Amino acid sequence: MKYSEKVMDHFNNPRNVGVIDQPSGVGTVGNARCGDIMRIYLDIDPDTKVIRDCKFKTFGCGAAVATSSMATELVKGKTIYEALKVTNQAVMEALDGLPPVKVHCSLLAEEAIHAALWDYAEKNGIVIEGLSKPKTDIHEGEAAVS
Amino acid sequence: MKYSEKVMDHFNNPRNVGVIDQPSGVGTVGNARCGDIMRIYLDIDPDTKVIRDCKFKTFGCGAAVATSSMATELVKGKTIYEALKVTNQAVMEALDGLPPVKVHCSLLAEEAIHAALWDYAEKNGIVIEGLSKPKTDIHEGEAAVS
Amino acid sequence: MSRLIYIDNAATTRLDPDAFEAMKPFLLEHYSNPASVYSFAQESNQAVEEARAAIAGTLHADPGEIYFTAGGSESDNWALKGVAQLKRKKGNHIITSKIEHHAIFETCHYLERHGFEVTYLDVDEYGRIDPEALKAAIRPETILISIMFANNEIGTIQPIAEIGKIAKEHQILFHTDAVQAYGHVPISVEELGIDLLSASGHKFHGPKGVGFLYIRKGIALPSLIHGGAQEHGRRAGTLNVPGIVGMAKAAQIAAEKMEERSQKETKLRDYLIQRIQKEIPYAKLNGHEKLRLPNNVNFSFRFIEGESLLILLDQNGICASSGSACTSGSLDPSHVLLAIGLPHEIAHGSLRLTLSHENTKEEMDFIVDKLIKIVKQLREMSPLFED
Amino acid sequence: MSRLIYIDNAATTRLDPDAFEAMKPFLLEHYSNPASVYSFAQESNQAVEEARAAIAGTLHADPGEIYFTAGGSESDNWALKGVAQLKRKKGNHIITSKIEHHAIFETCHYLERHGFEVTYLDVDEYGRIDPEALKAAIRPETILISIMFANNEIGTIQPIAEIGKIAKEHQILFHTDAVQAYGHVPISVEELGIDLLSASGHKFHGPKGVGFLYIRKGIALPSLIHGGAQEHGRRAGTLNVPGIVGMAKAAQIAAEKMEERSQKETKLRDYLIQRIQKEIPYAKLNGHEKLRLPNNVNFSFRFIEGESLLILLDQNGICASSGSACTSGSLDPSHVLLAIGLPHEIAHGSLRLTLSHENTKEEMDFIVDKLIKIVKQLREMSPLFED
Ligand SMILES: Cc1ncc(COP(=O)(O)O)c(C=O)c1O
Ligand SMILES: Cc1ncc(COP(=O)(O)O)c(C=O)c1O
Ligand code: FES
Ligand code: FES
């Protein structure tokens, strides 16, 4: 596996590993293709809708760990509406790219954030524009992002 | 091609190469399998039937040259009846053997002697017991001598 | 990181320095084509035939039964496709196992696409096939049994003698992929009733790109690679003289030193297994405790994933693997681990450590010490682990 | 005999010392399996990819179009059997020539036994196929044209560009066995319209047991050797890293020095041809005077037989051959010489001298001087020669 330096940095020193007690939202997604799992915790300011904190736990490959780390970094400080725009493409770009067979790993991060946002929205009875019910399992076809 | 020392000796210093003027008998045979050709000249004492001299010419592989040389050596000084018993096996043994794919070459020498004897018998209107009309071409099946 | 610990000898091995020295003259001076007729070629020709005899000797086979190939994959393909073609008239059924190497698997799939039927025998939790199940799978149209000698991931050794006996009783050809076993455990094709056997030079400290197929006398195996008359007209291609010579040298050394090496490796192996079992929780040894290759250690660490583990080991200078090297591009969990009954996510967290006689006890300690830390670190990151 | 003159470079070549040096670190230190994930494997992985790129560069191809094999025979088998399988639905007809190497011939015969039809194009007295005859042989069910780039016995170079054009016009795949040509004459797969090309390391001062197949992008050639995911899943087997590196080095050197070497060889070749033609009666040059490999000389000496000639040359330290090395066990006269119209007994007395840049003019003189004597000596023994 040839990972970029950025990926290796986030893999070796993953930011935001851990758990948030009484989180505003939690999302867990699995990847049906490789069996890996990612969970994201969000702490959201109820007024400003700003993500004050974000933590993750990941059972997965190097790319999964690095994208989790990068994704949490990217959404922290953003509003939930901005966070929705943090796509797997954005995460990959921030990591200087991923090997082709690892593109699907980055989808895991995107989906986990969406799942956590959805959890938050459900708990609070609000609707976040553009957010649809996330899948808990990501299938191969959906990973065909170039 | 791995030849014995004896073969290489007879190949390098072939005995009895040449032609006999006004021979008692001449035999030429060809090998249909490899296209090689051997000619044997005999000088036979009309009274004693002893082969006084024997020469050969060969267009053929190393084994063909060596067996020609050895065969002429073996029949020289023998009566035509004794010469008939110089088989390709005898020639091969005298040469310390031949590689399996080269066994058929030794048949060429046997057949050339037979052909020369036949020529002698025909010219002189005699019958040599045990000698049948030789073929001019030796075919593969007949070379299946172990 | 300064030190490097190579503990991935099932992927490939370090070329034996003596094998290299044996190869050198054939790389540099005696470069002739061994099929040529001039005396300059006799040196290489003779070297090839001596190599053939040496390898035959290690298997109790005849030199004429050893055919040189480009490696284990070619040998496996040749054996299976060759028998399929040879025995097509007799039948179209092949029996193999669920834990074969991809060189067997993919060839079986190929044959399935071309009218053959393949039974993939189950294995028990240790990775052993059941001889009774093998018997039950035999049909009148069964033409080949192909069961690997020892598994490349979990090291499990199959009941080869029993399989050989069953094959003989039913007059079915028996091929074994011995790529991981040859040079590591004693093999007598005669005693074990093996008809065809694949091996690969680089798995026993010989060079890469060369291997052989043992073909029992009397089996008119058709060619996989057609062309020139090399190898009795059965395997075309200018002979890789240096490779063949190097492989034979390594085979000879492996045979001579087998007991010594195997004892050393077994001791290190068991030491490694014991320390891991004692010091790392939720670690499961895969494969059989006793019936395994002397050099194979395979563990699954629950709650963690293989690639992350490997990267962290690598950062500590430890060269290890999670499955077979040739599928490392793939994301699928090992079919071997699934076949011995591991659930998907546990199969995912497996680590294969394969020793050579060059490893040391000190290295084992270094590995375990690092492993303890790494496993802990990854579990802390794992959503599956709630300690 | 003290001196040795090696003039059989079509059989095999001496490994370039620089190629050996390039291989050495991968034989000794960087022994890892390039498919492994740890950083120790990156050295070998990178070396393989650099080798691929270097070879691609010499052909004006993309690195992704170069697939490593165990040699020319495997490449030829793969190309033909692969296209046969790939295009079976489209048709079952293959066009080749009467003077191909056995690796093509025997593979064609194999395909004929499996439902394919093969047209073997005639060649003219120089060994060239007629492009018009090729056009005429094309049928709606033709799926492949396989014509060798240059002949291994008589050195004749085929009208490859024309063939490529015809193939393209008819949308038929074009494979060329360039085992004798690659590294000796310039080849651009793009300009020549080549879809598949076989080459073998040891024919251009690389190591034995390694070769490659160029496969034009977009051709989904099925595997010949199934198994691991190496080579984009198309050719299984642990990569022969030292072999690949050595071959690429030799390929690079051959490309860089092609003009220089070719000029030198052509000069020696023509000198040798002229002296033989002038000084030995009944000597016929086989092949084309101009359209031939820079290193190939092939003569038939009437009234004498090849093997005897070779033995006597050998005794003078001259390593030469009469046909291809891989059929030297056979008694049949060369199918190539028969195809260019030589009668059986003349084909039998042929001599192939194939140069390298390492040969010298002095050696040429030595060879001719000996040849004069030997031919005379054998003719004196020949029943066919009545001078
Ligand atoms: C034209 C040609 N094709 C194919 C081959 C086969 O190559 P290899 O013997 O390296 O497999 C050779 C050489 O023997 C050859 O000259
Ligand atoms: C059991 C087994 N069979 C076959 C192979 C294939 O051998 P190679 O890669 O040398 O072709 C391997 C190793 O990769 C193996 O472990
Ligand atoms: S392989 Fe499963 S997340 Fe990367
Ligand atoms: S090969 Fe013809 S006589 Fe020996």
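The values are calculated or read from the model by the stated rules, or taken from the named source; none is laboratory data. What you are looking at is a predicted structure, and each value in this text was computed from that prediction instead of being measured. Cβ placement follows ideal geometry from the backbone for every residue including glycine, while neighbour counts extend to all protein chains displayed.
Put simply, of C:117, C:141, C:112, C:169 the only residue that is within 14 Å of chain D (Cβ to nearest Cβ), over 22 Å from residue D:238 (Cα atoms) and either away from ligand 2 (no atom under 15 Å from the Cβ) or among the aliphatic types (A, V, I, L, M) (or both) is C:112. Remark: pairs (first residue in the stretch A:99-116, farther than 11 Å from residue A:67 by Cα and in a helix (DSSP H, G or I); second residue more than 10 Å from ligand 3 (Cβ to nearest atom) and at pLDDT below 90; Cβ separation under 6 Å; 6+ apart in sequence or on different chains) = A:111/A:134; A:114/A:134; A:115/A:134. Restricting attention to the stretch C:165-209, the residues being among the hydrophobic types (A, V, I, L, M, F, W, C) and more than 20 Å from residue C:83 (Cα to Cα) number 4.
Scanning the stretch A:93-106 for residues that are out of contact with any Phe, Trp or Tyr (no Cβ under 9 Å at 6 or more places or on another chain) and surrounded by 24 or more Cβ atoms within 10 Å (Cβ to Cβ) turns up A:104, A:105, A:106. Among the residues making up the stretch D:1-20, those that are assigned to a loop (DSSP other than H, G, I, E, B), within 22 Å of the chain's Cα centre (by Cα) and either within 16 Å of ligand 4 (Cβ to nearest atom) or more than 9 Å from chain C (Cβ to nearest Cβ) (or both) are D:7, D:9, D:10, D:16.
Taking residue C:41 as the residue in question, decide whether it is hydrophobic (A, V, I, L, M, F, W, C), at the interface with chain D (Cβ under 10 Å from one of its Cβ atoms) and either surrounded by 23 or more Cβ atoms within 10 Å (Cβ to Cβ) or in contact with a Lys or Arg (Cβ under 8 Å, 6 or more places away or on another chain) (or both). Working first, answer last.
Details: hydrophobic (A, V, I, L, M, F, W, C): yes; at the interface with chain D (Cβ under 10 Å from one of its Cβ atoms): yes; either surrounded by 23 or more Cβ atoms within 10 Å (Cβ to Cβ) or in contact with a Lys or Arg (Cβ under 8 Å, 6 or more places away or on another chain) (or both): yes.
Yes, satisfied.
Looking across the stretch C:73-99 at every residue that is within 10 Å of chain D (Cβ to nearest Cβ) and within 11 Å of ligand 2 (Cβ to nearest atom), the one that is surrounded by the fewest Cβ atoms within 10 Å (Cβ to Cβ) is identified as C:77. Applying the set (1) in a helix (DSSP H, G or I); (2) within 30 Å of residue C:19 (Cα to Cα) to residue D:67 leaves exactly one unmet item: (1). Would you be able to say whether some residue in the stretch D:309-321 is within 29 Å of residue D:73 (Cα to Cα), of a type in the set (Asp, Glu) and not assigned by TED's automatic domain parsing to the domain that holds residue D:128? The answer is yes; a qualifying residue exists.
If the condition is being within 11 Å of chain C (Cβ to nearest Cβ), surrounded by fewer than 19 Cβ atoms within 10 Å (Cβ to Cβ) and either touching a Gly at 6+ places or on another chain (Cβ under 8 Å) or free of Cβ contacts under 8 Å to residues at least 60 places away in the same chain (or both), then the stretch A:2-29 contributes A:8, A:12, A:17, A:18, A:19.
Inspect all residues belonging to the stretch D:21-38 and state whether any of them is part of a helix (DSSP H, G or I), among the polar types (S, T, N, Q) and either over 30 Å from residue D:109 (Cβ atoms) or in contact with a helix residue (DSSP H, G or I) (Cβ under 8 Å, 6 or more places away or on another chain) (or both). Spell out the reasoning first.
In the first step, residues of the stretch D:21-38 are kept if they are part of a helix (DSSP H, G or I); the result is D:21-28.
If we keep only those that are among the polar types (S, T, N, Q) as well, we get none.
No, the stretch D:21-38 contains no residue that is part of a helix (DSSP H, G or I), among the polar types (S, T, N, Q) and either over 30 Å from residue D:109 (Cβ atoms) or in contact with a helix residue (DSSP H, G or I) (Cβ under 8 Å, 6 or more places away or on another chain) (or both).
Filter the stretch C:369-387 for residues that are in a helix (DSSP H, G or I) and crowded, with 19+ Cβ neighbours inside 10 Å and give the result. So that I can check it myself, show each step before the final result.
Step one: of the stretch C:369-387, the residues in a helix (DSSP H, G or I) are C:369-380.
Listed by number, the residues that qualify are C:371, C:374, C:375, C:378, C:379.
Evaluated against (1) touching a residue at least 40 places away in the same chain (Cβ under 8 Å); (2) of a type in the set (Ser, Thr, Tyr); (3) at the interface with chain D (Cβ under 7 Å from one of its Cβ atoms), residue C:67 falls short on exactly one condition, (3).
Within the stretch C:361-387, the set of residues being closer than 30 Å to residue C:258 by Cα and without any contact (Cβ under 8 Å) to a residue 12 or more places away in the chain comprises C:362, C:369.
Results for (1) farther than 11 Å from residue D:69 by Cα; (2) among the charged types (D, E, K, R); (3) touching a residue at least 60 places away in the same chain (Cβ under 8 Å), shown as yes or no for each residue.
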| position | (1), (2), (3) |
| --- | --- |
| D:188 | yes, no, yes |
| D:194 | yes, no, no |
| D:202 | yes, no, yes |
| D:209 | no, no, yes |
| D:243 | no, no, yes |
| D:248 | yes, no, yes |
| D:263 | yes, no, no |
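Only one entry of A:83, A:121, A:109, A:66 meets the criterion of being within 14 Å of another protein chain (Cβ to nearest Cβ) and under 13 Å from residue A:27 (Cβ atoms), and that entry is A:109. In the stretch D:288-306, of all residues being more than 13 Å from residue D:269 (Cα to Cα) and of a type in the set (D, E, K, R), the one that is farthest from the other protein chains (Cβ to nearest Cβ) corresponds to D:302. For the stretch D:152-161, the count of residues that are part of a helix (DSSP H, G or I), away from ligand 2 (no atom under 16 Å from the Cβ), of a type outside the set (Phe, Trp, Tyr) and surrounded by 18 or more Cβ atoms within 10 Å (Cβ to Cβ) is nonzero. Return the residue satisfying two criteria in turn: it lies in the stretch C:215-246 and is under 15 Å from residue C:83 (Cα atoms) and of a type in the set (A, V, I, L, M, F, W, C), and of such residues it is nearest to the other protein chains (Cβ to nearest Cβ). By that ranking, first place goes to C:225. Of the helices (runs of 4 or more DSSP H) lying entirely inside the stretch D:229-327, those carrying at least 1 residues that are surrounded by fewer than 23 Cβ atoms within 10 Å (Cβ to Cβ) and aromatic (Phe, Trp, Tyr) are D:258-279.
Residue A:115: of a type in the set (A, V, I, L, M, F, W, C), within 14 Å of chain C (Cβ to nearest Cβ), over 15 Å from residue A:7 (Cβ atoms) and surrounded by 17 or more Cβ atoms within 10 Å (Cβ to Cβ), yes or no? Yes, satisfied. The set of residues in the stretch D:86-132 that are aliphatic (A, V, I, L, M), farther than 15 Å from residue D:334 by Cβ and assigned to a strand (DSSP E or B) comprises D:94, D:95, D:118, D:121, D:129.
Does residue D:349 count as surrounded by fewer than 20 Cβ atoms within 10 Å (Cβ to Cβ) and away from ligand 1 (no atom under 16 Å from the Cβ)? No: the conditions fail for residue D:349.
When restricted to residues that are under 30 Å from residue D:16 (Cα atoms) and of a type outside the set (A, V, I, L, M), the stretch D:349-387 contains 15. Scanning the stretch A:92-110 for residues that are over 16 Å from residue A:5 (Cα atoms) and within 11 Å of ligand 3 (Cβ to nearest atom) returns A:101, A:103, A:104, A:105, A:106, A:107, A:108, A:109.
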